[in-house]
Amino acid sequence: MITVHHLNNSRSQRILWLLEELGLPYEIKRYQRDARTMLAPPELLKVHPLGKSPVITDGDITVAESGAIVEYLLDTYGEASGLRPARGTPDARRYTDWLHFAEGSAMPPLVMKLVFQKIKSTPMPFFVKPIARGIADKVMASFVDPNLQRQTAFMEAELARSPWFAGAALSAADIQMSFPIEAAKQRAGLSPDKTPRLLDWLARAHARPAYQRALERGGQYDYA
């Protein structure tokens, strides 16, 4: 039995979605973030040395990192699932690009945006607050926001080529991309006039029965 070590409001939600798309049986072991720090609890350190989620265990095999989990599940259980384009095709190359783009390029500026927003709202001595806020605003305006705008434009343009990121059909690359796009909706200003294809993609992803089942099993999910 596959066990998903599931942290609330985390990337592990998309692993549940993948498992539902594959129709695989699995169980969930739940972990809650610290309400003050929003960090994962120390119990996850017993599963993996980094103490983060997602992590799955499958018998005596432990796999961490979203992309590695996706590849393990498809290699082991999903060769005939249709969630990975045929090897050597143009769609397969697009699939590989987007599978890795999700964490390698899309998430870093989104995480930075979250961190600097929290810096601006964190209680601190009054004489430090203007300095901290000024630094946060400068970094976001000069580096974070331009990168987010460039990335959302790139993703929007890609969806002009096909309805999904690796072609005409949903693939595991779309599942991997779900977390950064959901985060971008909250932090990068996706809008009907600038990013209609991304918002349409997100609506179609959310409407999939497997996504809905994963949401029911995973519980409340806040991407902000």
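The values are calculated or read from the model by the stated rules, or taken from the named source; none is laboratory data. Source: prediction; values computed, not measured. All Cβ positions, glycine included, derive from the backbone under ideal geometry; neighbour counts span all protein chains shown. Side chains included, ligands, DNA and RNA excluded: accessible areas come from the protein's heavy atoms. Shrake-Rupley method; radii C 1.70, N 1.55, O 1.52, S 1.80 Å.
A few comments on the model shown:
- Dipole in debye (nearest 20) - segment 99-222, about Cα centre, beta carbon charges: Lys, Arg +1; Asp, Glu -1: 300 debye
- Other residues lying with their Cβ under 15 Å from the Cβ of residue 49 contribute a combined charge of 0, Lys and Arg counting +1, Asp and Glu -1.
- Taking the average, over residues, of other Cβ atoms within 10 Å as the packing measure, peptides 166-177, 190-201 rank 166-177, 190-201 from highest down.
- Carbon-plus-sulfur accessible fraction, segment 155-224 (probe radius 1.4 Å, protein heavy atoms only): 50%.
- Taking every alpha-carbon pair within segment 1-51, the share separated by more than 15 Å comes to 48 percent.
- Per DSSP, loop GluC sites (Glu not before Pro) in segment 29-94 with at most 11 further Cβ within 10 Å: 79
- Dimensionless Rg/Rh of segment 166-209 - Kirkwood Rh, Rg from C-alpha atoms: 0.96
- Here the chain is treated with +1 on each Lys and Arg Cβ and -1 on each Asp and Glu Cβ, and its dipole about the Cα centre works out to around 860 debye.
- Distance (nanometres) between label positions extended 7 Å along Cα→Cβ at residue 105 and residue 36: 4.0 nm
- Over all orientations, segment 86-148 has a Cα convex hull whose mean projected area works out to 5.0 square nanometres.
- By a 1.4 Å probe calculation restricted to protein chains, residue 97 has an accessible surface near 100 Å², given to the nearest 10.
- Length released on extending from residue 81 to residue 9, taking residue separation times 0.36 nm less the Cα-Cα span: 23.2 nm
- In segment 11-72, the chymotrypsin sites (Phe, Trp or Tyr not before Pro) that fall in loop regions by DSSP, at most 15 other Cβ within 10 Å: none
- Over all Cα atoms in segment 139-197, the spread is summed up by Rg and Dmax: 12.1, 38 Å.
- Applying the criteria of a DSSP loop state and at most 10 other Cβ atoms within 10 Å to the chymotrypsin sites (Phe, Trp or Tyr not before Pro) of segment 92-129 yields 126, 127.
- The chain: antiparallel DSSP beta bridges as a percent of all, rounded to 5: 60 percent
- Estimated inter-spin distance, residue 193 and residue 128, nm [label 7 Å along Cα→Cβ]: 4.0 nm
- Cα coordinate range in the chain, projected on the principal axes (Å, largest first): 60, 43, 28
- Checking the cross-link pairs 52/138; 29/185; 138/194; 52/185; 46/185 against a 26 Å limit on the alpha carbon distance flags 52/138; 29/185; 46/185 as lying beyond it.
- Which of 33, 187, 87, 161 is most accessible, then next, and so on - probe 1.4 Å: 87, 161, 33, 187
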